[in-house]
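The numbers here are math on the coordinates, done by the rules we state, and not lab data. Owing to the predicted nature of the structure, the values given are computational and were not obtained by experimental measurement. Ideal geometry is used to build each Cβ from the backbone, glycine not excepted, and the neighbour counts take in all protein chains shown.
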Amino acid sequence: KQYQEIVEKISNQVNCLVSVGPSEQDRKIWNHLRRSFPSLKRIEGVELSVLKEIFRKSRAVIAPSTGPLHLAHLVGVPVIGLYSPVQSHHPRRWGPWGGTQKAAVHLPQVDCPGRKACIGEVCREFNCMEKIDWASLILKELDGLK
């Protein structure tokens, strides 16, 4: 749902390409997005050297803490990283570094009890990632890049 809201708000203002991984969860996300946004383009099955060049020509890359976020930052593209507050996922450990452009990182400002993974419904901050208006936050970051 969050990815759909992000794409919906951002695609009204900028051209979007979506890059998702090969996992079953990634395919589900893509299929859901494609139904909602039939004209959305997907980057799929490209070599890292090609992905690097696609990123290099991008205005910005928005991603969770994954290889594409770090690759984009290293090739000189501003990045907006979306992070979980779980201790082992924290941007202090996994944030982008070494690039020449802006790297904005965002995560819920909660006292997360999870150390290696989200502890789920027993957490007093459960669904903290869904409580953030990621799309508005990203649009604000993109406006700052103009």
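What you get for the range 2-141, charging only the Cβ of Lys and Arg (+1) and of Asp and Glu (-1), is a dipole of about 280 debye around the Cα centre.
Per residue, the average separation of C-alpha pairs within less than 8 Å and at least 6 apart gives the chain a relative contact order of 20 percent.
Classify the range 5-57 as rounded, prolate or oblate, taking a ≥ b ≥ c as the square roots of the eigenvalues of its Cα gyration tensor: rounded when a/c is under 1.5, otherwise prolate if a/b is larger than b/c and oblate if not. Display every interim value, and only then the final one.
Working: a/c = 2.51, a/b = 1.19, b/c = 2.11.
Taking the square roots of the gyration eigenvalues as a ≥ b ≥ c, the range 5-57 is oblate.
Take the Kirkwood radius over Cα pairs of the chain, plug it into Stokes-Einstein at 37 °C and 0.692 mPa s, and you get 204 µm²/s for translational diffusion. Residues whose amide H comes within less than 5 Å of that of Ile62, counting only those at least five positions distant or on another chain, are Ile80 (H built at 1.01 Å from N in the peptide plane).
If r is the Cβ-Cβ distance from Val110 to Ser23 and R0 is 30 Å, what FRET efficiency results, to the nearest 0.05? Kindly include the intermediate steps, with their values, before the conclusion.
Values: r = 26 Å, r/R0 = 0.88.
Result of the calculation: an efficiency of 0.70.
For the range 86-101 versus the range 12-71, the spacing of their alpha-carbon centroids is 20 Å. Neighbour counts of C-beta atoms inside 10 Å place Ile62, Ile138, Ile43 in the sequence Ile43, Ile138, Ile62, starting with the fewest.
Taking the C-alpha atoms only, the angle from helix 134-144 to the longest principal axis of the chain is near 50 degrees. In summary, the lysines within cross-link reach of Lys28, defined as a Cα separation below 18 angstrom excluding same-chain residues under 8 places away, comprise Lys1, Lys41. Of the residues His32, His70, His89, the one that moves most in a GNM of the chain with alpha-carbon contacts below 10 Å is His32.
Full extension of the chain segment joining Val122 with Leu145 gains 4.4 nm, where the gain is 0.36 nm per residue of separation less the Cα-Cα distance.
If only the Cβ of Lys and Arg carry +1 and only the Cβ of Asp and Glu carry -1, the dipole of the range 17-63 around its Cα centre is close to 240 debye.
Once the Cα atoms are used to define both axes, helix 2-11 deviates from the longest principal axis of the chain by about 30 degrees. Placing unit charges on the Cβ atoms of the charged side chains and taking the dipole of the chain about its Cα centre, the candidate lying farthest along the positive direction among Ser136, Cys16, Phe55 is Phe55.
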